[in-house]
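The values are calculated or read from the model by the stated rules, or taken from the named source; none is laboratory data. Everything quoted here is computed from the prediction, not taken from an experiment. In this analysis, Cβ positions are derived from the backbone assuming ideal geometry, glycine residues included, and neighbour counts consider all displayed protein chains. In case anyone asks, the SASA skips ligands and DNA or RNA and just uses the protein heavy atoms, side chains included. Shrake-Rupley method; radii C 1.70, N 1.55, O 1.52, S 1.80 Å.
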Amino acid sequence: MSASPKPRRLLAVNGPNLNLLGTREPDVYGTTTLADVEALVEERAATLGWEVRCVQSNHEGVLVDAIHAAREDCAGIVINPGAFTHTSIAIRDALTGVGLPVVEVHLSNIHAREEFRHHSYVSGIAVAVVAGAGVHGYAFAVDHLARLLA
Ligand code: DQA
C-alpha cells in the first residue's frame, strides 16, 4: 500500500488576546487586525500553492485540540501562542505529539521585553522562531515551512 500524499495545508494558530490585534497596545503590536493577519497568511500560502486553516482562541484546551486535529490534514504549523508561549507545557507537548514542523512567531521581540517573556516553552521544539518582525513574521513563517516541505 502506498503512503497517502502529504496535505498541502498549514495550520496557523493564534493564542490568547490576539483577537484584539489592531486595538491592543498598538505601540507594541501594531494596528493590523487578526483578520488582516489571517488574510496575509492565506495569501502568502496561496502564492506558494498552499492552503491554510486559521485558528484563534483564548483557551489553552481549544488550542491543544486544534493542534491535535492538524495531524489529520496539515503538513506544518505556524503558531503565535501569545502569553501561553511562556507558560504552557501542554501546548509544547501537543506540538511535539503531532510531530509536524512548527514555526513560532511573535509580533514583538520578546527578548527585548520583560524578563518573563524571554523564555518560550515552544522555541525548543520549533524549526524556526521569528520575533520582532511584526506581521511580516507570519509571512516569513509560511515561506520557511513551504520551503522545508517542498
Ligand atoms: C506575543 C508576545 C507575548 O509575550 C504576548 O503575551 C502576546 C503576543 C507577540 O506576538 O509578540 O500575547 O506572542
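Once backbone amide H atoms are built at 1.01 Å from N, T87 has Y121 as its partners under 5 Å, excluding neighbours fewer than 5 places away on the same chain.
Throw me the Rg/Rh for the chain, computed over C-alpha atoms with Kirkwood Rh, two decimals.
Details: Rg = 14.5 Å, Rh = 15.3 Å.
Here the Rg-to-Rh quotient is 0.95.
Scanning residues 5 or more positions from A131 or on other chains, those with amide H under 5 Å from its amide H are H106, with H placed 1.01 Å from N in the peptide plane. Taking θ as phi - 60° and the Karplus parameters 6.51, -1.76 and 1.60, the scalar couplings of the stretch 55-64 work out to 9, 10, 8, 8, 10, 4, x, 5, 5, 4 Hz in sequence order, x denoting glycine and proline.
Ligands, DNA and RNA excluded, the heavy atoms of I67 present near 0 Å² of accessible surface to a 1.4 Å solvent probe.
In whole percent, and with a 1.4 Å probe on the protein chains, what portion of the accessible area of the chain is carbon and sulfur?
Working: 3940 of 7390 Å².
Solvent-exposed carbon and sulfur of the chain make up 53 percent of the total.
Tell me, what is the Rg over Rh of the stretch 64-150, with Rh the Kirkwood radius over Cα pairs? Could you put the intermediate results ahead of the total?
On the way: Rg = 12.5 Å, Rh = 13.0 Å.
That ratio equals 0.95.
Placing R0 at 22 angstrom, the Cβ-Cβ distance between A150 and A112 gives a FRET efficiency of 0.10 after rounding to 0.05.
Give the share of C-alpha pairs in each 10 angstrom bin for the stretch 1-83, from 0 to the last occupied bin, in whole percents, shortest bins first. So the P(r) values, bin by bin, are 17, 44, 29, 7, 2, 0. Taken about its Cα centre, the stretch 55-150 carries a charge dipole of roughly 200 debye when the Cβ of each Lys and Arg holds +1 and the Cβ of each Asp and Glu holds -1.
Starting from the eigenvalues of the Cα gyration tensor, five times each then square-rooted, give me the equivalent ellipsoid semi-axes of the stretch 49-115, largest first, whole Å.
Values: eigenvalues 89, 40, 23 Å².
Working from the Cα gyration tensor, I get semi-axes of 21, 14, 11 Å.
In this structure the amide hydrogen of G22, modeled in the peptide plane, comes within under 5 Å of the amide hydrogens of T32, none closer than 5 places in sequence on its chain.
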